[in-house]
Amino acid sequence: AYRQLVTQMGGMEANVVAAAPKKSFVTLSAVDMKRSPSPSSTTVRKLQGGMMVYPLGGKEGMWWEVEDENGNAGWLLNTDLEPLR
């Protein structure tokens with residue numbers, strides 16, 4: 001009866017995997033999000049201190065590839081970030 005009820009209600013497929021939550025960081029001060037991991041790279045946008053970003057996994061030296069709350073992706077120095085508490 002339970003299986004029939006789940007089937008009728010359109011339960012989730014067996015191979016569905018939940019997305020892992022993203023670790024959040026905030027900027028320590030005003031910083032420029034860069035297009036590539038270099039101080040001379042062009043700026044994607046300016047971030048104010050306390051803005052939340054999410055690491056995307058890309059790392060090059062002290063630079064992390066991140067995404068802001070609006071979906072803009074770019075690079076920041078990890079020394080400009082602290083974990084959200």
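The values are calculated or read from the model by the stated rules, or taken from the named source; none is laboratory data. Here the structure is a predicted model, which is why all the values come from computation and not from measurement. All Cβ positions, even for glycine, are placed from backbone atoms using ideal geometry, and neighbour counts span all protein chains on display. When the accessible area is computed, the model is the full protein with side chains, heavy atoms only, and any ligands, DNA or RNA have been set aside. Shrake-Rupley method; radii C 1.70, N 1.55, O 1.52, S 1.80 Å.
When you check residue 80 against the structure, is it surrounded by 15 or more Cβ atoms within 10 Å (Cβ to Cβ), closer than 13 Å to residue 28 by Cβ and not β-branched (Val, Ile, Thr), yes or no?
It is true that residue 80 is surrounded by 15 or more Cβ atoms within 10 Å (Cβ to Cβ), closer than 13 Å to residue 28 by Cβ and not β-branched (Val, Ile, Thr).
Can you name every residue in segment 37-60 that is among the small types (Gly, Ala, Ser) and in a strand (DSSP E or B)?
If the condition is that a residue be among the small types (Gly, Ala, Ser) and in a strand (DSSP E or B), then 57, 58 are the ones that fit.
Exactly one condition in (1) open to solvent by 50 Å² or more (accessible area, probe 1.4 Å); (2) assigned to a strand (DSSP E or B) is not met by residue 70; state its number.
If we test residue 70 against (1) open to solvent by 50 Å² or more (accessible area, probe 1.4 Å); (2) assigned to a strand (DSSP E or B), just (2) comes out false.
Tell me the residue from 3, 35, 45 that is among the basic types (Lys, Arg), open to solvent by 100 Å² or more (accessible area, probe 1.4 Å) and at pLDDT 95 or above, please.
Within the list 3, 35, 45, the selection yields 35.
Output the residue which, of all residues in segment 6-32 that are open to solvent by 100 Å² or more (accessible area, probe 1.4 Å) and part of a loop (DSSP other than H, G, I, E, B), is modelled with the highest pLDDT.
23
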